[in-house]
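Working notes, structure below.
The values are calculated or read from the model by the stated rules, or taken from the named source; none is laboratory data. As the structure is a prediction and not an experimental result, all values here were calculated from the model. Neighbour counts are summed over all protein chains in view; Cβ atoms, including those assigned to glycine, are modelled from backbone coordinates with ideal geometry. These area figures cover heavy atoms from the full protein model, side chains too; ligands, DNA and RNA do not enter into them. Shrake-Rupley method; radii C 1.70, N 1.55, O 1.52, S 1.80 Å.
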Amino acid sequence: MSNGNGQIASRVDLDLIAQMIAPGSRVLDVGCGDGDLLALLQSKKNVDGRGVELSQEGVNACVARGLSVVQGDADTDLANYPDGAFDYVILSQTIQATRNPKEVMRAMKRIGRCVVVSFPNFGHWRVRLKLLFTGRMPETRSLGYSWYDTPNIHLCTLLDFASLCEELGLKIEDAVTVTGDKARRISRPGAIANLLASEAVFLLSRRG
């Protein structure tokens, strides 16, 4: 599955994700697109990085950059990885495009010591106002598709995502919300963050 790495103009989330990754870690980037995040992590954090990408174009772009990436689908192919194979499993701007986000998250929890997820927030105030005043599906910088051609099939809010983490036994170790080009660290998603954030990045670990 393609991760839509081009959806956000500035991709502030890439730098935020990089800040959450310990140097020298084993990393799997699921839906790695053309490899921007993997390249950043190898350059800045000297990680042992691997990638999974659905589109052949994305895989070709990654290989051309010297990145270790295989073609695969997050919804089906994560089952091929052994338990605890990586320190971090990353899903950047991709969870909303998966067919079964809960099972993808469960698989990530199994194969990674930590899980990092970034996604557009459907609870953002601009999204709410567009629905309220126009009655039409919104298009924003982080949701830049019309309803009929969007790859985003499971949109969620910060509160929805936090609830899923609780259900899966994942502890929120760090969370950063993004509004425009500004990032803000929060202790836990609440109503205000859910209203103001256009996107968010979460660092998760297994409970217990």
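Amide H contacts for Glu199 (H built 1.01 Å from N in the peptide plane; partners 5 or more residues away or on another chain; cut-off under 5 Å): Asn121, Val178. Please report the spacing between the Cα centers of segment 14-72 and segment 152-208 in Å, no decimals. When both Cα centres are located, 22 Å separates them. Placing a pseudo-label 7 Å from each Cα along the Cα-to-Cβ vector at Glu173 and Ser68 gives an inter-label distance of 2.1 nm.
Shown in residue order for segment 63-75 are the 3J(HN,Hα) couplings computed by the Karplus curve 6.51 cos²θ - 1.76 cosθ + 1.60 at θ = phi - 60°: 4, 5, 8, x, 8, 8, 9, 10, 7, x, 10, 4, 6 Hz (x for Gly and Pro). When the label point is put 7 Å from the Cα of Glu103 along its Cα-to-beta-carbon vector, which residues of segment 74-93 have a backbone N closer than 12 Å? Correct set: 74-79.
In this label model, Arg184 and Leu159 are separated by 1.7 nm, measuring between points 7 Å along each Cα→Cβ vector. When Asp75, Asp83, Asp29, Asp36 are compared by accessible area at a 1.4 angstrom probe, the order from most to least is Asp83, Asp36, Asp75, Asp29.
Solvent exposure of segment 11-206 amounts to 46 Å² per residue of accessible area, where only protein heavy atoms count and the probe is 1.4 Å.
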